[in-house]
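Enquirer: Attaching a single structure in structure tokens format; questions to follow.
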Amino acid sequence: MKPLKVKHAHWCAHVNGVFPSPVMRDWLSDNGSLTRKLTSHSRQFRVERLHQKQSKCLSDEFRLIGLTRQTRVQEREVLLRCDELPIVFGHTIVPTGATAADWPFFGTLGNRSLGTTLFGDPRVVQGILQYARLHLQHPLARRAGMAIGKEFTAPLFARRCLYRRKKGVLLVTELFLPALSDLTSHSRPGARLNESTR
């Protein structure tokens with residue numbers, strides 16, 4: 001029997017809609033810089049850029065960024081690693097019509113942090129977080145699995161947020177990977193932190 005292909009996720013406006021554990025709820029609902037939170041649980045943090053290119057946006061995200069149909073967008077995908085553990089899979093899209101004035105940094109990020117720029121720019125307006133549990137066959141769950149070379153055995157908790165700057169919009173989706181449980185159980189508060197940000 002062929003596995004069910006799930007292209008859409010059920011995104012909720014409240015974290016309770018995805019029934020997280022207390023620990024996961026804390027990670028999902030924190031609307032501050034995720035990178036700062038990650039660095040507080042690790043000795044070393046780094047961003048591993050997987051790719052940044054034009055790609056067709058997903059069927060459950062194009063309306064959120066103001067498009068009328070699935071079309072090509074600028075896409076960036078990364079792994080956020082703590083002590084080399086892959087903790088978060090990040091997926092960011094920007095409409096191709098966005099100008100350099102809207103997001104002047106996006107095209108030159110490389111392995112640098114997106115979060116540093118978003119939270120450090122007073123012109124960036126953060127939207128409301130949405131939450132989901134992504135089925136194993138959701139495109140982003142599959143990409144995350146390929147990125148770390150592992151098949152998941154349970155749906156992944158995820159969140160997404162729309163950011164605005166001038167006339168531009170940018171959608172960030174973050175998938176929390178199973179290694180997060182290792183990170184939280186072995187974290188040592190007060191350790192010297194790497195100050196890089198997502």
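The values are calculated or read from the model by the stated rules, or taken from the named source; none is laboratory data. A quick note: this is a predicted structure, and the numbers were derived from the prediction, not measured. Here the Cβ is made from the backbone with ideal geometry for all residues, glycine too, and neighbour counts use every protein chain on show. SASA here: full protein model, heavy atoms, side chains in, ligands and nucleic acids out. Shrake-Rupley method; radii C 1.70, N 1.55, O 1.52, S 1.80 Å.
Enquirer: Which value, in debye to the nearest 20, describes the size of the charge dipole of the chain about its Cα centre when Lys and Arg Cβ atoms bear +1, Asp and Glu Cβ atoms bear -1, and nothing else is charged?
Expert: The calculation lands at about 480 debye.
Enquirer: Also, I was wondering about something else. With every protein chain present, what is the per residue accessible area of the chain (1.4 Å probe, Å²)?
Expert: It amounts to 53 Å² per residue over the chain.
Enquirer: Okay, next question. Take the alpha-carbon centre of region 15-54, take the same for region 160-177, and report the distance between them in whole Å.
Expert: 14
Enquirer: Given Cα pairs under 8 Å that are at least 6 residues apart, what percent is the relative contact order of region 64-120?
Expert: It rounds to 26 percent for region 64-120.
Enquirer: Summarise the accessible area of the chain (1.4 Å probe, protein heavy atoms) by the percent that is carbon and sulfur.
Expert: 52
Enquirer: Now for a separate question. Using +1 at the C-beta of Lys and Arg and -1 at the C-beta of Asp and Glu, which of GLY90, SER42, ASN16 has the Cα lying farthest in the positive direction of the dipole of region 11-109?
Expert: Result: GLY90, furthest along the dipole toward the positive end.
Enquirer: If you don't mind, there's one more thing I want to ask. At a Cα cut-off below 16 Å, give the aspartates and glutamates reachable from LYS56, other chains included and same-chain residues fewer than 8 away excluded.
Expert: Cα-Cα hits under 16 Å: GLU75, GLU77.
Enquirer: Using a 1.4 Å probe, how large is the accessible area of HIS10, given in Å² and rounded to the nearest 10?
Expert: Rounded to the nearest 10, the figure is 140 Å².
Enquirer: Another question, then. Give me the percent relative contact order of region 44-165, please, defined on Cα pairs under 8 angstrom at least 6 residues apart. Please list the in-between numbers first.
Expert: Values: 174 pairs, mean separation 26.6, N = 122.
Computed over region 44-165, the figure is 22 percent.
Enquirer: Multiplying the sequence separation of LYS167 and PHE105 by 0.36 nm and subtracting their Cα-Cα distance, what value in nm do you get? All intermediate terms of the calculation are to be shown ahead of the outcome.
Expert: Numbers: separation 62, 0.36 × 62 = 22.32 nm, distance 1.50 nm.
Result for the pair: 20.8 nm of gain on full extension.
Enquirer: Now for a different question. Would you mind giving the average projected area, over all directions, of the Cα convex hull of the chain in nm² with one decimal?
Expert: Computed as one quarter of the Cα hull surface, the answer is 11.3 nm².
Enquirer: Mind checking Rg over Rh on region 1-78, alpha carbons, Kirkwood formula for Rh?
Expert: That ratio is 1.03, to two decimals.
Enquirer: Now a separate question. Enumerate by residue number the GluC sites (Glu not before Pro) in region 83-176 meeting two conditions: DSSP loop (anything except H, G, I, E, B), and at most 15 other Cβ atoms within 10 Å of the site's Cβ.
Expert: GLU84, GLU151
Enquirer: Continuing with this model, one more query. So what are the ³J(HN,Hα) numbers for region 61-72, from phi and the Karplus equation (6.51, -1.76, 1.60; θ = phi - 60°), rounded to whole Hz, Gly and Pro as x?
Expert: Ordered by residue, 3J(HN,Hα) equals 9, 5, 5, 5, 9, x, 8, 8, 7, 5, 8, 7 Hz.
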